[in-house]
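Visitor: To start, I am sharing the structure in question, which I have written as structure tokens.
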Amino acid sequence: MEKIETQKQTGPAAEAALPAPEAELSSRYQPQLIEDAWYQRWEREGLFTANPASEQPPFSIVIPPPNVTGSLHIGHALNNTLQDILSRQQRMQGKDVLWVPGCDHAGIATQNVVERELAKQKTSRHDLGREKFIARVWEWKQQYGGTIMRQLRRLGSSLDWTRERFTLDDGLSAAVREVFVRLYAEGLIYRGDYIINWCPRCQTALSDIETEHQDTSGHFWHICYPFADGTGSLVVATTRPETLLGDTAVAVNPQDERYRQMIGKKIMLPLQRVEIPVIADDYVDKDFGSGVVKITPAHDLNDFLVMQRHPDEVGIRNVMNPDGTMNKNAGHKYAGLDRFECRKAVLADLEAEGLLVKTEDHQHAVGHCYRCHTVVEPYLSRQWFVKMKPLAEPAMAAVRDGRIRFTPESWTKVYLDWMENIRDWCISRQIWWGHRIPAWYCQNKECQEVVVVKEAPPACPKCGGRVEQDPDVLDTWFSSALWPFSTLGWPESTPELQRYYPTSVLVTSWDIIFFWVARMAMMGLKFMGDVPFRDVCINSLVGDAEGKKMSKSKGNTVDPLDLMEHTGADGLRFTMALIETQSRYVAFTPDRLESCRNFMNKIWNAARFVLMNLDAEVSVAPQGQPDFADQWILSRLDGTVERVQNALAVYRFSEAAQALYDFVWHEFCDWYLEVIKARLAGDPDIRRSAQSHLLAVWDETLRLLHPFLPFITEEIWSHLPGKRDFLMRAAWPVPQAGRRKPEVEQEMGLVMEVIYAVRNIRGEMNVPPAARVKLLIRPTGTQAGSLASHVGVIKELAKVSELVIDASAVKPPMSATAVAGGLELFIPLEGLIDLAKERERLAKEIRTLEELLTRQEAKLSNEQFISRAPAEVVAAEQAKREDYRQRRERLQHNLQQLSA
RNA sequence: GGGCGGAUAGCUCAGUUGGUUAGAGCGCCUGCCUUACAAGCAGGAGGUCACAGGUUCGAACCCUGUUUCGCCCACCA
């Protein structure tokens with residue numbers, strides 16, 4: 001109630017902005033005049049709002065929350081179009097639909113954006129301090145954060161805006177703390193010193209999957225490590241010579257005969273002039289390189305693990321600052337140098353000392369920050385981690401036993417493979433924008449208690465000392481992992497949570513299966529005891545015309561808002577549906593968009609035709625018996641309903657869109673509308689019957705189209721006769737067995753064949769379009785009877801002046817001939833016919849038939865085929881051969897006659 | 001190193017358990033401003049489905065291998 005009141009206040013202004021529906025459709029399709037208005041009407045009427053108290057079965061989707069920093073790109077357009085198609089279809093099918101909108105705070109990304117703003121103003125987050133900086137980000141969020149949500153409205157997304165969420169909302173933040181505290185209590189969250197991926201530019205830890213490995217051509221430097229006692233040396237190879245400064249051991253394989261004697265000896269580490277031991281560890285592959293590995297525990301994961309296995313022999317020396325420069329442990333000569341500068345300096349110095357044995361080119365994968373693409377440094381630091389194995393087990397089971405089902409199915413393996421090899425998740429980030437880790441440390445040096453609780457404790461519960469909260473925040477994906485239940489009110493037991501969890505389907509792209517889908521599965525099972533979604537529909541990534549991934553840096557992006565400006569939201573939506581074929585990448589090409597815009601125009605014009613041929617009093621209830629053409633189109637429509645329904649049920653959006661396109665354009669417009677014109681111009685009774693059936697078919701077609709094309713269909717619908725509620729809440733069509741008429745479709749097929757054949761002759765013979773021709777049909781079988789009732793249609797659509805059907809007809813001398821479905825067609829073309837041309841045309845047709853016949857004979861002379869193929873297949877092939885034979889004979893006969 | 005996906009018309013792509021003359025959009029050619037639509041209508045050309053084997057009565061589709069393009073994962077310094 002309250003909501004409606006507030007809306008009324010803004011009502012008059014909004015109302016004034018809406019154009020009053022006109023009696024007729026404008027002669028041109030102008031989407032920009034109708035789309036925003038309809039969205040406002042739907043939203044004001046509460047048509048997007050779910051009703052937890054509803055009697056209807058629920059259907060729910062949570063949006064993959066876009067980054068607050070973002071604006072709508074083509075991938076969002078695709079992803080949200082698909083979700084909206086499903087939501088609208090389900091709503092029309094009587095479900096109580098909840099599609100939850102919202103944004104992700106996108107920790108590092110957003111912080112980077114605001115920091116760049118600050119840099120422009122010659123200041124920084126460090127100048128501002130934590131509190132002021134965070135306030136600044138919130139300000140920024142208030143100002144720009146709504147952009148993408150507005151753009152989703154523009155696209156027509158039927159999101160329930162009364163339930164919009166943001167990952168930093170109070171409720172969602174409470175959920176984050178709840179989860180953290182519970183996992184910590186169970187020992188599934190822990191804190192420790194490990195090698196993590198460190199971005200020296202963002203100055204934060206990253207998880208493994210936030211590190212993107214790129215193959216890079218680098219070098220392999222072989223360096224001489226002399227023994228301390230002067231008895232020789234070992235050669236080690238490295239791709240990162242600057243880490244030499246942090247070496248605390250050299251390792252060989254214990255089985256390696258070459259080095260067995262050296263184990264336990266001391267190396268005098270070059271440049272650093274410190275002694276380090278030679279140790280033995282199985283990790284060393286004796287067949288790789290020299291079989292000797294330098295051990296740098298503070299800057300390499302494997303080396304760190306080696307150190308842990310040899311705690312008494314191997315020390316640790318961190319030689320780098322968080323910003324990627326060398327620290328004083330690196331030695332005064334190198335301290336302060338950037339890591340890559342230091343690399344050069346180290347190499348130069350080794351060279352000078354004659355210790356650089358050789359330099360090889362080397363291809364290797366180098367980790368880069370997924371946010372800023374800086375080279376990531378393996379770095380020893382104290383971080384928070386989630387223990388993943390116990391969480392992954394149930395998440396794997398849920399997929400294995402089908403409680404979660406991927407579409408396309410092939411993603412299942414990707415998901416499971418990753419889960420099988422999962423490693424603990426580093427969740428702490430050294431940034432400020434995000435959920436602060438709910439851990440407090442007692443400042444009393446004697447105590448040092450770590451307190452992990454949901455709300456800040458006033459003092460240390462153990463010693464009463466002062467506590468300070470951990471300065472770090474959580475990985476953004478930690479809160480995203482809770483999205484399917486945190487948005488529904490968890491940990492409170494809300495009606496929404498009861499009703500809409502598990503959600504029905506998750507629609508997302510494959511690039512975030514690990515980041516998001518897998519983690520939601522784990523967290524949902526852990527905290528809700530059930531999967532977060534039943535189906536995972538994986539949509540494509542949209543590339544450019546060359547199939548390249550779109551990115552701002554490549555400059556090959558297209559702005560969906562520009563596209564909608566040009567084509568309307570519906571045109572873009574249809575393009576998105578048509579393009580989604582479940583392959584990894586789909587190419588966005590402007591001609592595809594163009595053809596969809598043309599389709600919108602076709603629909604608009606069909607609507608105009610329908611409207612201008614309806615009288616105001618026409619009722620939707622069909623009057624009188626359906627005519628042959630009505631039966632045909634209803635049969636085709638019914639098939640289309642089934643195709644679209646089946647395709648959507650398995651998320652084959654392209655197939656569904658294609659079925660709609662074909663039906664509307666090539667059946668409804670090309671044939672039904674053309675055929676019905678005569679009846680609409682006929683006697684009042686005939687006209688009325690035609691109108692009512694036309695309206696019924698069009699009515700249902702609009703319903704079928706609506707989930708794909710909500711705006712244009714709603715607009716057209718509103719102009720149809722009769723007092724009409726929103727199309728958006730009309731019932732979606734269902735297939736009705738009684739409407740399928742294979743015999744009618746077959747008969748219509750024959751009529752179409754005749755018309756095609758005549759048109760072909762006209763086209764090939766260059767008969768002027770306006771000129772009418774005579775047509776003589778000689779039936780051979782039983783088709784004559786059925787054909788007789790379609791004389792009018794054939795005459796009209798094939799531009800025939802006079803049509804004779806006669807089994808004893810004789811081919812008139814100067815005439816063109818064709819054979820269609822057991823019928824022989826003669827078109828007398830005295831004066832018009834070009835004999836040579838007709839001979840050529842016939843000869844070509846005969847050649848085609850001859851080729852087919854040869855193939856057919858070969859097939860049928862194969863005894864294996866006759867004996868082993870199913871009888872109906874053999875029969876069909878035989879019938880085909882007969883058909884080809886007859887047609888060839890007729891045409892040959894006619895050709896001879898023509899030559900005579 | 002492991003895994004995945006693609007190779008079909010000039011271009012971008014469909015082709016759902018193997019069985020009509022392999023389809024669409026765009027482009028191309030011919031003719032049309034025919035009162036819903038030139039953002040359109042009618043007709044047409046264009047493909048040894050990457051290659052080589054195999055399974056089968058029958059393969060674009062299933063199997064094996066090859067070539068080639070792309071992607072994902074990975075603690076060989």
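Visitor: Anything in the stretch A:400-424 that is open to solvent by 10 Å² or more (accessible area, probe 1.4 Å) and either within 15 Å of residue A:196 (Cβ to Cβ) or more than 14 Å from RNA strand B (Cβ to nearest atom) (or both)? List them, or say none.
Guide: Selection gives A:400, A:401, A:402, A:403, A:405, A:423, A:424.
Visitor: Restricting to the stretch A:26-51, what's the tally of residues that are within 16 Å of RNA strand B (Cβ to nearest atom) and buried (at least 17 other Cβ atoms within 10 Å of the Cβ)?
Guide: 4
Visitor: Against the conditions (1) within 16 Å of RNA strand B (Cβ to nearest atom); (2) touching a Pro at 6+ places or on another chain (Cβ under 6 Å), where does residue A:356 fall short? Just the number, please.
Guide: Going through the list (1) within 16 Å of RNA strand B (Cβ to nearest atom); (2) touching a Pro at 6+ places or on another chain (Cβ under 6 Å), residue A:356 breaks only (2).
Visitor: Can you name every residue in the stretch A:378-399 that is loosely packed, with under 15 Cβ neighbours inside 10 Å and touching a Leu at 6+ places or on another chain (Cβ under 9 Å)?
Guide: Once the filter is applied, which keeps residues that are loosely packed, with under 15 Cβ neighbours inside 10 Å and touching a Leu at 6+ places or on another chain (Cβ under 9 Å), the stretch A:378-399 yields A:390, A:397.
Visitor: Are there strands (runs of 3 or more DSSP E) fully within the stretch A:503-562 with at least 1 residues that are within 11 Å of RNA strand B (Cβ to nearest atom) and open to solvent by less than 30 Å² (accessible area, probe 1.4 Å)? List them.
Guide: Here the list reads A:541-543.
Visitor: For the stretch A:228-239, indicate whether the set of residues that are of a type in the set (Val, Ile, Thr), open to solvent by 20 Å² or more (accessible area, probe 1.4 Å) and free of Cβ contacts under 8 Å to residues at least 40 places away in the same chain is non-empty.
Guide: Yes, the stretch A:228-239 contains a residue that is of a type in the set (Val, Ile, Thr), open to solvent by 20 Å² or more (accessible area, probe 1.4 Å) and free of Cβ contacts under 8 Å to residues at least 40 places away in the same chain.
Visitor: Now for a separate question. Against the condition within 12 Å of RNA strand B (Cβ to nearest atom) and either open to solvent by less than 10 Å² (accessible area, probe 1.4 Å) or under 36 Å from the mean Cα position of the chain (by Cα) (or both), how does residue A:276 come out, does it pass?
Guide: So residue A:276 does not fit the description; no.
Visitor: Further, regarding this structure: Hey, among the residues in the stretch A:59-103 that are β-branched (Val, Ile, Thr) and more than 15 Å from the chain's Cα centre (by Cα), which one's farthest from residue A:43 (Cα to Cα)? Full working, then the answer.
Guide: Of all residues in the stretch A:59-103, those β-branched (Val, Ile, Thr) come to A:61-63, A:68-69, A:74, A:81, A:85, A:97, A:100.
Checking the rest, the ones that are also more than 15 Å from the chain's Cα centre (by Cα) come to A:68-69, A:97, A:100.
Numbers: A:68: 22, A:69: 25, A:97: 14, A:100: 14 Å.
Taking the candidates together, the pick is A:69.
Visitor: I would also like to ask the following. Pick from the stretch A:881-900 the residues that are assigned to a helix (DSSP H, G or I) and aliphatic (A, V, I, L, M): which of them is modelled with the highest pLDDT?
Guide: First, pick out the residues of the stretch A:881-900 that are assigned to a helix (DSSP H, G or I): A:881-899.
Add one more test, that the residue is aliphatic (A, V, I, L, M), and what stays is A:891, A:895, A:898.
Values: A:891: 87, A:895: 84, A:898: 77.
Step by step, filter the stretch A:881-900, then rank; the result is A:891.
Visitor: Assess whether residue A:327 counts as being without any contact (Cβ under 8 Å) to a residue 24 or more places away in the chain, out of contact with any Lys or Arg (no Cβ under 8 Å at 6 or more places or on another chain) and either under 21 Å from residue A:533 (Cβ atoms) or more than 15 Å from RNA strand B (Cβ to nearest atom) (or both). Please lay out each step first, then the result.
Guide: Values: without any contact (Cβ under 8 Å) to a residue 24 or more places away in the chain: yes; out of contact with any Lys or Arg (no Cβ under 8 Å at 6 or more places or on another chain): yes; either under 21 Å from residue A:533 (Cβ atoms) or more than 15 Å from RNA strand B (Cβ to nearest atom) (or both): yes.
It is true that residue A:327 is without any contact (Cβ under 8 Å) to a residue 24 or more places away in the chain, out of contact with any Lys or Arg (no Cβ under 8 Å at 6 or more places or on another chain) and either under 21 Å from residue A:533 (Cβ atoms) or more than 15 Å from RNA strand B (Cβ to nearest atom) (or both).
Visitor: Further, regarding this structure: Criterion first (part of a loop (DSSP other than H, G, I, E, B), closer than 28 Å to residue A:651 by Cβ and touching a Leu at 6+ places or on another chain (Cβ under 8 Å)) does residue A:732 satisfy it? Working first, answer last.
Guide: On the way: part of a loop (DSSP other than H, G, I, E, B): yes; closer than 28 Å to residue A:651 by Cβ: yes; touching a Leu at 6+ places or on another chain (Cβ under 8 Å): yes.
Yes, satisfied.
Visitor: Kindly evaluate residue A:684 against the criterion of being away from RNA strand B (no atom under 14 Å from the Cβ) and either touching a helix residue (DSSP H, G or I) at 6+ places or on another chain (Cβ under 9 Å) or modelled with pLDDT of 95 or more (or both).
Guide: Values: away from RNA strand B (no atom under 14 Å from the Cβ): yes; either touching a helix residue (DSSP H, G or I) at 6+ places or on another chain (Cβ under 9 Å) or modelled with pLDDT of 95 or more (or both): no.
No: the conditions fail for residue A:684.
Visitor: Tell me yes or no: at least one residue of the stretch A:52-59 is surrounded by 20 or more Cβ atoms within 10 Å (Cβ to Cβ) and over 29 Å from residue A:516 (Cβ atoms).
Guide: no
Visitor: Which fully enclosed helices (runs of 4 or more DSSP H) of the stretch A:765-880 have 1 or more residues being out of contact with any helix residue (DSSP H, G or I) (no Cβ under 7 Å at 6 or more places or on another chain) and hydroxyl-bearing (Ser, Thr, Tyr)?
Guide: Correct list: A:835-861, A:863-868.
Visitor: Additional query: Taking the stated definitions as given, is residue A:811 open to solvent by 80 Å² or more (accessible area, probe 1.4 Å), away from RNA strand B (no atom under 15 Å from the Cβ) and not acidic (Asp, Glu)?
Guide: It is false that residue A:811 is open to solvent by 80 Å² or more (accessible area, probe 1.4 Å), away from RNA strand B (no atom under 15 Å from the Cβ) and not acidic (Asp, Glu).
Visitor: Open to solvent by 40 Å² or more (accessible area, probe 1.4 Å) and at negative phi: which single residue out of A:247, A:287, A:281 fits that description?
Guide: A:287
Visitor: Being at pLDDT 95 or above, within 30 Å of residue A:453 (Cβ to Cβ) and not aromatic (Phe, Trp, Tyr): is that true of residue A:177 here?
Guide: Considered against the rule, which asks whether it is at pLDDT 95 or above, within 30 Å of residue A:453 (Cβ to Cβ) and not aromatic (Phe, Trp, Tyr), residue A:177 comes out as yes.
Visitor: Go through A:714, A:667 for me and flag whichever is among the charged types (D, E, K, R), over 25 Å from the mean Cα position of the chain (by Cα) and open to solvent by less than 10 Å² (accessible area, probe 1.4 Å). If you could, list the steps in order and put the result at the bottom.
Guide: Numbers: A:667 fails: open to solvent by less than 10 Å² (accessible area, probe 1.4 Å).
Step by step, each of A:714, A:667 is checked, and only A:714 is among the charged types (D, E, K, R), over 25 Å from the mean Cα position of the chain (by Cα) and open to solvent by less than 10 Å² (accessible area, probe 1.4 Å).
Visitor: Another question about this same structure. Quickly run through the stretch A:763-808 and pick out the residues that are touching a Gly at 6+ places or on another chain (Cβ under 8 Å) and surrounded by 18 or more Cβ atoms within 10 Å (Cβ to Cβ).
Guide: Within the stretch A:763-808, A:779, A:783 meet the criteria.
Visitor: Continuing with this model, one more query. Only one of A:365, A:392, A:348 is free of Cβ contacts under 8 Å to residues at least 40 places away in the same chain, over 30 Å from residue A:114 (Cα atoms) and among the aliphatic types (A, V, I, L, M); which?
Guide: A:348
Yes/no per residue for (1) away from RNA strand B (no atom under 14 Å from the Cβ); (2) modelled with pLDDT of 90 or more; (3) at positive phi:
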{"site": "A:362", "(1), (2), (3)": "no, no, no"}
{"site": "A:366", "(1), (2), (3)": "no, yes, no"}
{"site": "A:369", "(1), (2), (3)": "no, yes, no"}
{"site": "A:372", "(1), (2), (3)": "yes, no, no"}
{"site": "A:377", "(1), (2), (3)": "no, yes, no"}
{"site": "A:381", "(1), (2), (3)": "yes, yes, no"}
{"site": "A:384", "(1), (2), (3)": "yes, yes, no"}
{"site": "A:391", "(1), (2), (3)": "yes, yes, no"}
{"site": "A:394", "(1), (2), (3)": "yes, yes, no"}
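The values are calculated or read from the model by the stated rules, or taken from the named source; none is laboratory data. Please read all numbers here as calculations on a predicted model, not as lab measurements. Every residue, glycine as well, gets a Cβ built from its backbone with ideal geometry; the counts of neighbours run over all protein chains shown. Just so you know, the surface numbers come from the protein's heavy atoms only, side chains and all, with ligands and any DNA or RNA stripped out. Shrake-Rupley method; radii C 1.70, N 1.55, O 1.52, S 1.80 Å.
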